[in-house]
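Enquirer: Below you will find the structure I want to go over with you.
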Amino acid sequence: MGTRPEIIKMSPIIRECERLRLDYFILHTGQHYSYNMNRVFFDQLELPEAKYDLGVGSGSHAEQTGKMLVGIEKVLREETPDIVLVEGDTNTVLAAALAAVKLGIMVGHVEAGLRCYDRKMPEEINRILVDHCSDYLFAPTEKSKQNLLNEGIPQERAFVTGNTIVDAVLRNLEIADRRVNVLNKLGLDDGEYFVATIHRQENVDDERRLRGIAKGLERVRREFKMELVYPVHPRTRKRLRTLGLNLNDVTLVQPLDYLSFLQLEKHSKLVLTDSGGVQEEACILGVPCVTLRDSTERPETLDVGSNSLAGITYKRIVQKVKLMLTKRSGWKNPFGDGKAGRMIIRVLRRELD
Ligand code: UD1
Ligand code: UDP
């Protein structure tokens with residue numbers, strides 16, 4: 001693992017390894033390293049320390065992935081594990097899968113088969129490559145399994161398990177209610193505010209798209225007269241500063257810990273995001289979501305009606321917020337029953353025995 005969403009989505013699998021006292025270890029690439037993008041999640045989710053932390057940090061895609069490949073290969077040669085598990089679509093995931101498969105070590109891909117069919121997104125390239133060098137593919141839904149079969153991946157390698165994000169949400173919501181009170185902390189009233197998160201490279205590094213989104217958020221804030229809280233990812237903070245974008249009247253805060261963020265999402269009236277994990281969580285929590293992208297690899301959220309694609313122009317963003325506010329939140333969560341972590345480990349124990 002190496003980034004915020006990987007820590008969160010791997011936590012149910014780690015918990016299961018601990019429960020069964022399996023012989024495993026965590027390798028952290030150091031792709032995310034700021035306290036509020038990394039350490040806070042280990043502490044809050046009560047995860048064991050990583051045995052290896054490569055400290056790779058930020059850099060261009062090639063630089064970052066290359067450093068990871070070299071570091072991961074060294075560890076794998078020494079440890080010779082039976083299998084390497086990776087989760088999602090980040091550069092960490094690509095590097096780990098590639099290092100393992102070239103050493104003849106098996107790879108299990110958690111959250112396999114997601115596709116948005118937009119190759120301009122680095123995540124799409126990572127997903128495709130990792131799926132095609134994996135031995136075990138844990139697809140969250142039937143739809144994602146079908147994507148794999150369509151690309152010629154043999155049926156017997158693909159397992160529909162649900163998404164471990166459901167496990168994480170169900171467990172941590174309850175803990176959040178006991179331990180944090182983010183509404184109090186930020187001075188918000190239940191159901192009387194919107195939440196935004198934007199960090200994807202396709203949006204943030206493209207000035208036209210980021211300006212469109214910024215204008216969209218400002219308009220939404222004004223038009224719906226709802227407080228708009230935005231925990232700003234470090235990639236976006238840097239770009240907003242460079243472009244001199246202030247996001248007038250939007251409440252900008254530092255990235256939040258998981259318990260606070262979950263609670264913030266759950267009690268919000270609506271979420272605006274380009275995050276994969278946040279689209280899923282909003283759907284699970286029954287909160288309408290407007291996605292500030294042109295495509296999504298989470299089409300299940302569109303199918304059940306919890307999510308709508310707005311792109312990046314302010315008119316469409318305002319329009320989609322209006323539309324999603326008319327939705328009733330009775331949709332069915334398509335990402336499983338919260339036992340994905342257990343199921344993945346069960347499949348692996350059966351297959352590897
Ligand atoms: C990465 C993933 C993206 C995922 C996201 C989760 C890739 C290609 N992208 O994007 O798919 O959705 O993580 O959040 O793997 N930075 C810090 N502190 C940190 C980490 C990053 O300040 O702890 C800043 C640095 O300026 C860095 C920038 O954020 O250059 C981008 O970080 P990087 O890890 O390259 O990509 P993310 O945008 O985080
Ligand atoms: N998240 C968090 N604090 C925040 C924003 C997001 O804990 O301030 C969590 C969120 O609940 C979700 C995950 O981070 O589980 C999503 O990660 P991110 O948006 O960084 O990446 P993506 O899912 O797009 O890859």
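The values are calculated or read from the model by the stated rules, or taken from the named source; none is laboratory data. Bear in mind that the values here come from a model prediction, so they are computed numbers and not experimental data. For neighbour counting, all protein chains shown are included, and Cβ atoms are generated from backbone atoms with ideal geometry for every residue, glycine included. For accessibility, only protein heavy atoms count, side chains too; no ligands or nucleic acids. Shrake-Rupley method; radii C 1.70, N 1.55, O 1.52, S 1.80 Å.
Enquirer: Which entries of Lys185/Lys327; Lys266/Lys332; Lys9/Lys120; Lys266/Lys327; Lys143/Lys327 show an alpha-carbon separation above 18 angstrom in the structure shown?
Expert: Pairs exceeding 18 Å: Lys185/Lys327; Lys9/Lys120; Lys143/Lys327.
Enquirer: Could I ask something else about it? Under a point-charge model restricted to the Cβ atoms of Lys and Arg (+1) and Asp and Glu (-1), what is the dipole moment magnitude of the chain relative to its Cα centre, in debye to the nearest 20?
Expert: For this selection, approximately 1160 debye.
Enquirer: Can I ask one more? How big is the C-alpha Rg of the chain next to the rule-of-thumb value 2.2 N^0.38 Å, as a ratio?
Expert: Normalised Cα radius of gyration, the chain: 0.96.
Enquirer: With a 1.4 Å probe and every protein chain kept in, tell me what percent of the accessible surface of the chain is carbon plus sulfur.
Expert: With neighbouring chains kept in place, the figure for the chain is 47 percent.
Enquirer: Can you tell me what percent of all Cα-Cα pairs in segment 172-285 are more than 26 Å apart?
Expert: Considering segment 172-285, 16 percent of its Cα-Cα pairs are separated by more than 26 Å.
Enquirer: For segment 264-353, state the semi-axes of the equivalent ellipsoid (square roots of 5 times the eigenvalues of the alpha-carbon gyration tensor), sorted largest first and rounded to whole angstrom.
Expert: 30, 14, 10
Enquirer: Over the residues of segment 15-130, compute the C-alpha Rg and express it relative to 2.2 N^0.38 Å.
Expert: With N residues counted in segment 15-130, Rg over 2.2 N^0.38 Å equals 1.07.
Enquirer: Please work out the average accessible area per residue across segment 217-353, using the 1.4 Å probe convention, and give it in Å².
Expert: 44 Å²
Enquirer: Considering the options Leu173, Gln201, Val220, tell which one lies farthest towards the positive end of the dipole of segment 169-241, charges being +1 on Lys and Arg and -1 on Asp and Glu at the Cβ, about the Cα centre.
Expert: Value: Gln201.
Enquirer: Tell me, what is the percent relative contact order of segment 7-80, built from C-alpha pairs under 8 Å that lie six or more residues apart?
Expert: Relative contact order for segment 7-80 comes out at 32 percent.
Enquirer: Rounded to the nearest Å, what's the spacing between the alpha carbon centres of segment 214-251 and segment 278-353? Just the number, please.
Expert: The two parts, judged by their Cα centres, are 23 Å apart.
Enquirer: Mean separation of Cα pairs under 8 Å and 6+ residues apart, divided by the residue count of the chain: what relative contact order is that in percent?
Expert: Dividing the mean separation by the residue count of the chain yields 16 percent.
Enquirer: For segment 232-353, build the charge dipole from Cβ charges (+1 Lys, Arg; -1 Asp, Glu) around the Cα centre, then report which of Gly336, Leu252, Ser308 sits farthest towards its positive end.
Expert: After comparing all options, I get Leu252.
Enquirer: Which of the lysines could a cross-linker span from Lys215 if the Cα-Cα distance has to be under 18 Å and same-chain partners fewer than 8 positions apart are dropped?
Expert: Within the straight-line cut-off, Lys215 pairs with Lys225, Lys238, Lys315, Lys320, Lys322.
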